[in-house]
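Following: one structure in structure tokens, then a few remarks.
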Amino acid sequence: MKQVSIIGIGLIGGSFALDLKDYMSGVHIIGIDQNEAHLKEALELEIIDQIGTFDNLIDADLVVLAIPVNAAIKALPQVLELIADHTVVIDMGSTKEAICRAVATHPRRAQFLATHPIAGTEFSGPSAAIKGLFKNKTNIICEVEKTLPVLGEEMLTLFKTMGMHLRFMPANDHDKHIAYVSHLSHISSFMLGKTVIDKEKNERNIFDMAGSGFESTVRLAKSSPDMWTPIFEQNKANIIETLTEYIQNLNQFKAYMEQDDFEAVYNEMKNTNHIKQILKGIA
């Protein structure tokens, strides 16, 4: 693999570029982005080797889509039309069913591999790129059986070389599960931040009184709305289902407190402490 075009040079695309440079000697990385400032910054930071356009895709061995999921759905069919016969295209978005459906009947569907590396921070842009971001992270691969085996194996080998743990599942299962473990977490963080801002008009009080627990809980509220609004839109049905269950649990907890049933409050928290063992097993 000699030439890679990365569409979207932000946190994910930039971090992937940095890892490619570490694990693939001599690889030439071309950055494609609508934001010219991002491209110039990525070039200055040596994240990419060249600023390019879609005209460069014909020479790419690998094309990486690291852009918001709504933009990726529009771009992917066009990208598949412009690549060579040996090229593999991957996307790294947080929803999978819609993008897989968008190219289900495309003549070059077999050159596309749907991936979702579960990695990131609340920051964005080329300066947020981190070398080693994907190490020991899970990468969910969807519909691998629809990708040409030689291309799929090449990418799976690369992911393993980068230290990723691979999981395989249907696209609809991915979107259902990710709504619980990722999308709901972001909504909770955004709405906790909103609740505090709306209620606590004195920003100095928030700054002085907020401890590490609050800071860690609202960390995700610093995430980009440009990225997350399309995710919520594409996974709307699954997210509404998770929100309904979450709100039911919040209302139940509130009811226990209104009824002075603090034994029930204790039991709710005690039972939920099991999450420590679950997360320890994942780590």
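Considering T147, T157, the condition of being polar (S, T, N, Q), touching a helix residue (DSSP H, G or I) at 6+ places or on another chain (Cβ under 7 Å) and at pLDDT 95 or above is satisfied by T147 alone.
Select from the range 103-126 the residues that are out of contact with any Lys or Arg (no Cβ under 7 Å at 6 or more places or on another chain) and farther than 16 Å from I67 by Cα and write down the one among them that is surrounded by the most Cβ atoms within 10 Å (Cβ to Cβ). For the range 103-126, the residue satisfying everything is Q111.
Here S25 meets the list (1) modelled with pLDDT of 95 or more; (2) polar (S, T, N, Q); (3) out of contact with any helix residue (DSSP H, G or I) (no Cβ under 9 Å at 6 or more places or on another chain) almost entirely, failing just condition (1).
Please pick out the residue among E203, E215 that is modelled with pLDDT under 95, among the acidic types (D, E) and more than 23 Å from the chain's Cα centre (by Cα).
E203
Just checking, does the range 131-141 include any residue being buried (at least 22 other Cβ atoms within 10 Å of the Cβ), on the phi < 0 side of the Ramachandran plot, among the aromatic types (F, W, Y) and in the same structural domain as D19 (by TED's automatic domain parsing)? Within the range 131-141, one or more residues are buried (at least 22 other Cβ atoms within 10 Å of the Cβ), on the phi < 0 side of the Ramachandran plot, among the aromatic types (F, W, Y) and in the same structural domain as D19 (by TED's automatic domain parsing).
Yes/no per residue for (1) touching a helix residue (DSSP H, G or I) at 6+ places or on another chain (Cβ under 9 Å); (2) surrounded by 13 or more Cβ atoms within 10 Å (Cβ to Cβ); (3) within 22 Å of I12 (Cβ to Cβ):
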position: K194; (1), (2), (3): yes, no, no
position: F214; (1), (2), (3): yes, yes, no
position: L220; (1), (2), (3): yes, yes, yes
position: P225; (1), (2), (3): yes, no, yes
position: I239; (1), (2), (3): yes, yes, yes
position: T244; (1), (2), (3): no, no, no
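The values are calculated or read from the model by the stated rules, or taken from the named source; none is laboratory data. Since the structure is predicted, the reported quantities are computational estimates derived from the model, not experimental observations. Because the Cβ atoms are built from the backbone with ideal geometry, glycine has one as well, and the counts that use them run over all protein chains shown.
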